[in-house]
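Read-outs: derived from the displayed coordinates by stated rules, not from any lab. Because the structure is a prediction, the values reported are computed rather than measured. All Cβ positions, glycine included, derive from the backbone under ideal geometry; neighbour counts span all protein chains shown.
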Amino acid sequence: MRMLLANAEAWPGFDTTVEHLKNDGPAIDAMVSGIARVEREAKVRSVGYGGWPNMLGEMEFDAGVMDGTTREVGAVGAVPATLPVSALAHEVMKHLPHVMLTGAGARRFATERGFAVDEVLHPDSKRVWWERLQKEMSPQQRAAFPDIPLAPLSNTITDPERVRDTTVFLGVDAGDHIGVVTSTSGWAWKYPGRLGDSPIPGAGFYADSRYGAAACTHTGEMTMRCSTSRSIVLAMRLGYTLEDAIKFAVEELAELKTGFLAGVVIHALDAQGNHQVVNYRCDEEIRYWYWDERMAAPELRVAAAIGT
Ligand code: ASP
């Protein structure tokens with residue numbers, strides 16, 4: 001059964017992907033074309049052009065693509081000056097023997113594949129970044145910026161509250177192929193070079209057409225430690241229901257007692273046509289988009305909250 005599950009940030013591209021799936025498009029191609037619209041939408045303040053820069057005021061994008069039938073993966077991390085990076089991750093999957101490229105190498109590959117060098121820092125993001133940074137720095141730090149140690153500032157200025165979602169698309173096409181695609185600008189004011197979970201297969205995303213798929217948003221620093229997306233799909237392989245597989249992954253997250261701890265949102269579906277979105281310890285209400293071929297139109301629904 002054709003299905004599409006995505007987080008609330010997906011609104012600019014959700015219908016595009018649904019249309020591709022209705023026209024029997026392959027799941028990954030359908031989702032990459034939808035996410036490209038999310039990445040270019042300035043009103044989405046956590047992904048692509050509308051996202052937030054790192055501590056130096058530079059945009060660094062992360063994205064991942066996984067085909068659940070072949071289990072091929074393409075991912076890019078900390079990529080400058082490039083939109084849409086989800087399409088670049090797809091290019092990595094199709095044209096390189098590698099799974100992941102980062103930074104300058106990813107940008108070099110983007111040029112080889114015909115991606116323009118884009119202006120990606122939204123003027124409002126630049127303004128807010130600079131205002132916030134000014135407030136946190138001493139006069140000495142301000143005078144010497146950016147040639148100062150950034151780590152002492154990192155704990156105070158890094159702002160997971162401003163993140164409010166990566167975009168994640170999980171889809172099933174007419175051939176029952178399951179795939180997942182992610183894209184994000186990561187945490188606001190992150191340390192330069194920081195990768196979140198969105199480009200890390202197994203952490204921010206995983207798909208296996210035999211069992212299902214999972215993708216996470218919010219605190220990548222937790223899902224990377226627990227391989228949350230892979231855990232869910234592996235649990236289904238071991239016979240867990242979708243619901244129990246998610247419960248198991250949440251238990252693993254709940255066992256973390258040190259390090260940076262905050263909320264995580266898990267999006268998952270199984271090969272039988274079930275889906276679930278769980279908000280683990282995020283204070284705000286979390287919504288998500290859902291469509292399957294029995295429905296006349298996509299619906300924005302509320303995720304089940306646990307652990308709050
Ligand atoms: N998970 C993303 C990251 O850690 C951020 C988010 O989804 O809010 O970069």
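Answer yes or no as to whether Gly259 is of a type outside the set (A, V, I, L, M, F, W, C), under 30 Å from Thr156 (Cβ atoms), touching a residue at least 24 places away in the same chain (Cβ under 8 Å) and within 14 Å of the ligand (Cβ to nearest atom).
yes
If the requirement is being closer than 23 Å to Ala10 by Cβ and not in a loop (DSSP other than H, G, I, E, B), which of these qualifies: Ala262, Ala214?
The match here is Ala214.
Criterion first (in contact (Cβ under 8 Å) with a residue 60 or more places away in the chain and either over 29 Å from Trp289 (Cα atoms) or assigned to a helix (DSSP H, G or I) (or both)) does Val92 satisfy it?
no
Is it fair to say Ala235 is out of contact with any Asp or Glu (no Cβ under 8 Å at 6 or more places or on another chain) and more than 16 Å from the ligand (Cβ to nearest atom)?
no
Would you tally the residues in region 32-66 being in a loop (DSSP other than H, G, I, E, B), among the basic types (Lys, Arg) and under 15 Å from the mean Cα position of the chain (by Cα)?
1
Which number in (1) more than 10 Å from the ligand (Cβ to nearest atom); (2) touching a strand residue (DSSP E or B) at 6+ places or on another chain (Cβ under 6 Å) marks the one condition that Glu119 misses?
Tallying (1) more than 10 Å from the ligand (Cβ to nearest atom); (2) touching a strand residue (DSSP E or B) at 6+ places or on another chain (Cβ under 6 Å), Glu119 fails exactly one: (2).
Could you list, in sequence order, all residues of region 184-210 that are near the ligand (Cβ under 10 Å from one of its atoms) and among the polar types (S, T, N, Q)?
Thr184, Ser185, Ser198
Of the conditions (1) over 11 Å from the mean Cα position of the chain (by Cα); (2) buried (at least 19 other Cβ atoms within 10 Å of the Cβ); (3) of a type outside the set (Asp, Glu), Pro192 satisfies every one except a single condition; which number is it?
Exception for Pro192: condition (2).
Among (1) among the small types (Gly, Ala, Ser); (2) farther than 23 Å from Val47 by Cβ; (3) within 11 Å of the ligand (Cβ to nearest atom), where does Ala215 come up short?
(2)
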